[in-house]
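Asks: My questions will all concern the structure given below.
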2 protein chains.
Amino acid sequence: MKRKYQAKIFVTLRPSVLDPAGVAVQSGLHQLGYDDVEQVRIGKYIELTFISPDESSARQKLDSMCDQMLANPVIENYRFDLIEVESQTGVF
Amino acid sequence: MKRKYQAKIFVTLRPSVLDPAGVAVQSGLHQLGYDDVEQVRIGKYIELTFISPDESSARQKLDSMCDQMLANPVIENYRFDLIEVESQTGVF
């Protein structure tokens with residue numbers, strides 16, 4: 001049986017890593033009059049649909065996709081939400 | 001009274017808009033052997049801390065920040081989660 005999963009992946013810079021893009025956005029917001037903005041950190045949000053036999057192997061696959069390609073483990077953290085969107089006994 | 005809020009903002013391309021970066025990542029994942037990946041869409045994830053008197057005005061302010069700067073309403077959608085992280089009667 002194959003199941004289709006949708007993952008929502010959040011890739012963020014590690015807290016110790018400087019975020020120049022975030023600083024630029026914060027300064028832009030200040031210039032627009034939003035003086036109360038104290039911190040801005042910018043990351044990536046990835047939605048990904050894939051097929052896997054079960055949730056445990058889906059999580060494992062997703063972890064290795066993040067480590068190998070979607071995030072840079074040296075400077076970034078990631079976390080994800082996983083939902084099953086469809087399951088089917090036949091062929092997709 | 002001033003309250004400090006943390007917003008988690010998700011900016012995604014509208015479904016009708018092509019996502020070349022997403023297609024490139026999908027193709028990269030296929031080359032790494034993850035053939036079961038069906039769709040990849042890449043967006044932005046922004047964490048932002050700011051001060052506001054109450055939740056309703058915080059939401060309003062955040063909406064206008066997104067419309068003016070954080071998202072491009074022509075091609076992108078956004079949504080956000082808002083949590084209060086601190087409240088204080090004094091001066092921050």
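Asks: With the requirement that a residue be more than 7 Å from chain B (Cβ to nearest Cβ) and among the acidic types (Asp, Glu), what does region A:28-54 give you?
Replies: A:35, A:54
Asks: Can you confirm whether region B:71-82 contains a residue that is in a strand (DSSP E or B), more than 8 Å from every other protein chain (Cβ to nearest Cβ) and among the acidic types (Asp, Glu)?
Replies: Taking every residue of region B:71-82 in turn, at least one turns out to be in a strand (DSSP E or B), more than 8 Å from every other protein chain (Cβ to nearest Cβ) and among the acidic types (Asp, Glu).
Asks: Which residues, taken from region A:38-85, are among the aliphatic types (A, V, I, L, M) and open to solvent by 50 Å² or more (accessible area, probe 1.4 Å)?
Replies: Those that are among the aliphatic types (A, V, I, L, M) and open to solvent by 50 Å² or more (accessible area, probe 1.4 Å): A:69, A:74, A:75, A:83, A:85.
Asks: If you don't mind, another one. Scanning region B:14-26 for residues that are away from chain A (no Cβ under 11 Å) and free of Cβ contacts under 8 Å to residues at least 40 places away in the same chain, which turns out most open to solvent (accessible area, probe 1.4 Å)?
Replies: B:18
The values are calculated or read from the model by the stated rules, or taken from the named source; none is laboratory data. All values derive from a computational prediction rather than experimental measurement. Reconstructed Cβ throughout: ideal geometry from the backbone, glycine too, with neighbour counts over all protein chains shown. Protein only, heavy atoms only, side chains kept; ligands, DNA and RNA dropped before computing areas. Shrake-Rupley method; radii C 1.70, N 1.55, O 1.52, S 1.80 Å.
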